[in-house]
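Encoded as structure tokens, the structure appears first; notes follow it.
Every number here is computed from the coordinates shown, using simple stated rules; none is lab data. What you are looking at is a predicted structure, and each value in this text was computed from that prediction instead of being measured. We place every Cβ from the backbone using ideal geometry, glycine too, and count neighbours over all the protein chains shown.
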Amino acid sequence: MAQMREMMYEGKAKQVFATDDPTLAIIHYKDDATAFNGLKKGTIVGKGVINNVVSNHLMTLLKEHGVESHLVEQLSERDTLVRRVQIVPIEVIVRNIAAGSLSKRIGYPEGTKLKSTVLEYCYKNDDLGDPMINETHIAAMGLATKEEMDDIASMALKVNEVLTDYLKDLNIELIDFKLEFGRFDGRIVLADEISPDTCRFWDSKTGEKLDKDRFRRDLGDVEEAYQEILHRLMGGEKK
Ligand code: 5GP
């Protein structure tokens, strides 16, 4: 059993600790929430516990479909043992339906179905506000190789396929989401988290938002939305 050592990194929603095994790290999920690059700050009570369980559940499902991730095993309510990856400093956004910044950028009302899946890349840099970049910027900046980007794109599309199908049965529409990838043992693996913090989940019947937009946009019932996602995923309930 890997023993927890010093904190290596503290982000907005998570802490990452070293362990006595150099190939492993421990992620600790917090209830802290931020939006708009840290301008809005708050707490979503119980979020850390829910995001830990939801992310591990979805990464386990993805593994069954051949998508490798950093997940090793959940250690406790808020702690998960992961492979210690080198994070590729690119946020990968996958979109099925227009919402958020895409709606603003191209003038499509939120909820407009896209004719095909959109893949976007952002440079992971808080000081610059995570600007959108393309594959030529990624090559020019040396952020990832062409081969790595091919793997990242095909894995991101596979994640979209698997999660869209899975969530549909739970009456959840997967609008869009953000992924991060890491290098482990010379391979690209899925890293970070997949949760209501990083995805837009809309109730398929009512269109109700069941994700972090409730916090970002002050819609109320934030904790309840996170609970509802946990409940549907873990209960497998079909409403
Ligand atoms: P948008 O670009 O419309 O703001 O976000 C698109 C999708 O990616 C949403 O599901 C959003 O939650 C996720 N996303 C994009 N950037 C970030 C980020 O910096 N942090 C988190 N938690 N999610 C993000």
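Each 10 Å bin from zero up to the one holding the largest Cα-Cα distance in region 126-239 carries the following percent of pairs: 12, 37, 30, 18, 3. Couplings 3J(HN,Hα) for region 103-108, derived from phi with the Karplus relation 6.51 cos²θ - 1.76 cosθ + 1.60 (θ = phi - 60°), are 4, 5, 5, 10, x, 8 Hz, where x marks Gly and Pro.
Extents of the chain, taken as max minus min of Cα coordinates on every principal axis and listed largest first, are 48, 41, 37 Å.
For the listed residue pairs K113/K146; K113/K209; K178/K209; K12/K209, the alpha carbons are over 19 angstrom apart in K113/K146; K12/K209. Over the chain, Cα pairs under 8 Å with separation of 6+ residues give a relative contact order of 17 percent.
A Förster radius of 41 Å combined with the Cβ-Cβ distance from D151 to D218 puts the calculated FRET efficiency at roughly 0.60. Relative to one another, the C-alpha centroids of region 1-55 and region 143-179 are positioned 22 Å apart. With 5 Å bins beginning at zero, the pair-distance distribution over Cα atoms of region 1-60 amounts to 4, 18, 20, 21, 22, 10, 4, 1 %.
Spin-label model, M234 to K113: label points 7 Å out along the Cα-to-beta-carbon direction sit 3.4 nm apart.
Checking every one of the GluC sites (Glu not before Pro) in region 129-204 against DSSP loop status and a limit of 12 other Cβ atoms within 10 Å picks out no site at all. Note on K63: lysines with a C-alpha under 16 Å away, same-chain residues under 8 apart excluded, are K158.
Considering the options V16, A140, V222, tell which one lies farthest towards the positive end of the dipole of the chain, charges being +1 on Lys and Arg and -1 on Asp and Glu at the Cβ, about the Cα centre. The Cα lying farthest towards the positive end belongs to V222.
Checking every one of the trypsin sites (Lys or Arg not before Pro) in region 1-71 against DSSP loop status and a limit of 15 other Cβ atoms within 10 Å picks out K12. When +1 charges are put on Lys and Arg Cβ atoms and -1 charges on Asp and Glu Cβ atoms, the dipole computed for the chain relative to its Cα centre reaches about 560 debye.
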